[in-house]
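Visitor: Pasting a structure here, questions to come.
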Amino acid sequence: MCADWSRTRLKELAILLGGFGFPEHLQGRVSDELPFYKVSDMSLPGNERFMTRANHYVSKSIAARQGWKPAPAQSIAFAKVGAALLLNRRRILSRSSLVDNNMMVAVADGTADPGWLYWWFQTIDFCGLVQPGALPSVNQRQIGDLEIDLPPLPEQHRIAEILDTLDEAIRKTEQVIAKLEQMKQGLLHDLLTRGVDENGELRDPVRFPEQFKESELGLIPRGWEVRRLGKVLERIDAGWSPNCLDETPKPGQWGVLKVSAVSGGIYRPQETKLLPANLQPMESLEVSLGDVLCVRANGVATLVARTVYVESTPSRLMLSDKTLRLVPGHLIRKKYLSFLMEGPRTRQQVQRLLSGSSGQRNISQSQLESLKIAVPSPPEQERIEATIAHLDTRVRQETEDLKKLQTLKKGLMHDLLTGRVRTLPPGIESPKTSKRTAECNQ
């Protein structure tokens, strides 16, 4: 511990408040209402760090009659009962609020900066406090007795400022990625229904109706042909699911892809199980660069027939029996095929084929082959691929930036909150911290 830091316990620098049981009949929407947060409200969109939205409200007068004391704004709210995901979720109250009896609130008493206290809470694993075999929960005594190495208040302010800045950069990067993904979906719809002319422009059915024709799939550009998927495929390869070990194979070891490696719409080769040493791999099922992989079965109907194009992959990973490899013939390009399988017209047909079933949802090879698709010429397919590739490149760049920011945040949280790296108020930056702080503020 740093010489000018002090060791104390949470109960010495924060007041811990319990929550209240919420009677539904007291809910109101009045001018003097207080938000009443439940554990589930921490998962509401917009409540990622600050609690700004609630599903329940109580008037101040009713709260006073009940003897409920609201927690002030800037308090740290957290769950005291629930699975690991809930127990380690912390939020800052954006306004004076009430919480339910499955939550607690820490109110900094002036010795600790509320922003710094929030970041300190992020380093504590409440699951380590849970008694074996008991309902996953923590209590006020356990939380209050947690030890804290406390920096001077000015340093707390600066630590919170640096981590807040970095957290905001992460949030904005995530928003950019989400926006790009939305743009991609909208563009993909247009490209798969309107196509791209020789000048790289989307065709316009309103201005140039003569460039389109009616088909069983709706309006499509002239020159496109509606075909059954089976007519443009060379073959479909089915996978294999031996009894694998639930661990990730190391380089050089054989593994079998989980369905989650494909069902998310992005190829995730890390979602793999290790093939036991006593089983011989089926090398014909090894996944290769440029493969088009499709989900054959899933418990969630909307994930069936999700398809990915393999941009890159480790060696020695095999298809599972819940995945298929679609091998196109000369009429359709591989990447375009993956786009087409994710397009709205194809997805609608898939969902119609699956309607009425329950439990595990499956699509057979014959059902896949029966899907109707609109096929442009290979040169136009290539133009469509290039248009989507531009957005994909931006998404990859932003995703890499996000990973770097998340890694930097993790390192800075450890360094700053333990005193391994010191930070001072602006203008008195030490050489040891200036580089990482500069990285944070970029």
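The values are calculated or read from the model by the stated rules, or taken from the named source; none is laboratory data. This one's a predicted model, so the numbers in the text were calculated from it and none came from an experiment. FYI the Cβ positions are ideal-geometry reconstructions off the backbone, even for glycines, and counts take in every protein chain you see.
Visitor: Taking the criterion of being over 33 Å from the mean Cα position of the chain (by Cα) and outside the structural domain of Ile266 (by TED's automatic domain parsing), would at least one residue in the stretch 178-185 satisfy it?
Guide: no
Visitor: Still on this structure, please answer the following. How about the stretch 127-154: which of its residues are small (Gly, Ala, Ser) and either more than 22 Å from Ala112 (Cα to Cα) or part of a loop (DSSP other than H, G, I, E, B) (or both)?
Guide: Gly128, Gly133, Ala134, Ser137
Visitor: Something else now. For the stretch 328-380, what are the residues that are surrounded by fewer than 21 Cβ atoms within 10 Å (Cβ to Cβ), touching a Pro at 6+ places or on another chain (Cβ under 8 Å) and of a type in the set (A, V, I, L, M, F, W, C)?
Guide: Answer for the stretch 328-380, where residues must be surrounded by fewer than 21 Cβ atoms within 10 Å (Cβ to Cβ), touching a Pro at 6+ places or on another chain (Cβ under 8 Å) and of a type in the set (A, V, I, L, M, F, W, C): just Leu331.
Visitor: Could you tell me which numbered condition Asn362 fails, if it satisfies all but one of (1) touching a residue at least 60 places away in the same chain (Cβ under 8 Å); (2) within 22 Å of Thr193 (Cα to Cα); (3) not β-branched (Val, Ile, Thr)?
Guide: Single failed check for Asn362: (2).
Visitor: Among the numbered criteria (1) under 15 Å from Thr272 (Cβ atoms); (2) loosely packed, with under 15 Cβ neighbours inside 10 Å; (3) in contact with a strand residue (DSSP E or B) (Cβ under 6 Å, 6 or more places away or on another chain), which one does Lys250 miss?
Guide: It is condition (3) that Lys250 fails.
Visitor: Would you check if Ala54 is in a loop (DSSP other than H, G, I, E, B), in contact with a strand residue (DSSP E or B) (Cβ under 7 Å, 6 or more places away or on another chain), modelled with pLDDT under 90 and not aromatic (Phe, Trp, Tyr)?
Guide: For Ala54, the condition - in a loop (DSSP other than H, G, I, E, B), in contact with a strand residue (DSSP E or B) (Cβ under 7 Å, 6 or more places away or on another chain), modelled with pLDDT under 90 and not aromatic (Phe, Trp, Tyr) - is met.
Visitor: Additional query: Could you grab the pairs with beta carbons closer than 7 Å, sequence gap of 6+ or different chains, first residue in the stretch 169-180 and of a type in the set (Gly, Ala, Ser), second one surrounded by 13 or more Cβ atoms within 10 Å (Cβ to Cβ)?
Guide: Ala169/Leu405
Visitor: If only one of Leu353, Leu324 is over 26 Å from Gln182 (Cα atoms), aliphatic (A, V, I, L, M) and free of Cβ contacts under 8 Å to residues at least 60 places away in the same chain, which one is it?
Guide: None of the other options fit; the residue is Leu353.
Visitor: While we're looking at this one, here's another question. Pick out the one residue from His189, His157 that is closer than 30 Å to Lys335 by Cβ, part of a helix (DSSP H, G or I) and not assigned by TED's automatic domain parsing to the domain that holds Gly343.
Guide: The match here is His189.
Visitor: In a helix (DSSP H, G or I), touching a residue at least 40 places away in the same chain (Cβ under 8 Å) and not charged (D, E, K, R), is that true of Thr165?
Guide: Considered against the rule, which asks whether it is in a helix (DSSP H, G or I), touching a residue at least 40 places away in the same chain (Cβ under 8 Å) and not charged (D, E, K, R), Thr165 comes out as yes.
Visitor: Go through the stretch 91-134 and give me each residue that's crowded, with 20+ Cβ neighbours inside 10 Å and polar (S, T, N, Q).
Guide: Passing the criteria: only Ser97.
Visitor: Taking the stated definitions as given, is Glu342 charged (D, E, K, R), modelled with pLDDT of 95 or more and out of contact with any Asp or Glu (no Cβ under 9 Å at 6 or more places or on another chain)?
Guide: no
Visitor: If a residue counts only when it is in contact (Cβ under 8 Å) with a residue 40 or more places away in the chain, basic (Lys, Arg) and out of contact with any Phe, Trp or Tyr (no Cβ under 7 Å at 6 or more places or on another chain), which strands (runs of 3 or more DSSP E) contained entirely in the stretch 59-124 have at least 2 such residues?
Guide: Of the strands (runs of 3 or more DSSP E) lying wholly inside the stretch 59-124, none has at least 2 residues that are in contact (Cβ under 8 Å) with a residue 40 or more places away in the chain, basic (Lys, Arg) and out of contact with any Phe, Trp or Tyr (no Cβ under 7 Å at 6 or more places or on another chain).
Visitor: Continuing with the same structure: So which of Glu385, Glu311, Glu369 ends up being part of a loop (DSSP other than H, G, I, E, B) and of a type in the set (D, E, K, R)?
Guide: Every option except Glu311 fails the conditions.
Visitor: OK, next. Just one of Ala77, Ala73, Ala83 is among the small types (Gly, Ala, Ser), outside the structural domain of Thr165 (by TED's automatic domain parsing) and under 19 Å from Lys11 (Cβ atoms); which is it?
Guide: Exactly one residue qualifies, and that residue is Ala77.
Visitor: While we're looking at this one, here's another question. Could you grab the pairs with beta carbons closer than 7 Å, sequence gap of 6+ or different chains, first residue in the stretch 398-416 and in contact (Cβ under 8 Å) with a residue 60 or more places away in the chain, second one among the hydroxyl-bearing types (Ser, Thr, Tyr) and in a helix (DSSP H, G or I)?
Guide: The qualifying pairs are Glu398/Thr173; Asp401/Thr173; Leu402/Thr173; Leu405/Thr173.
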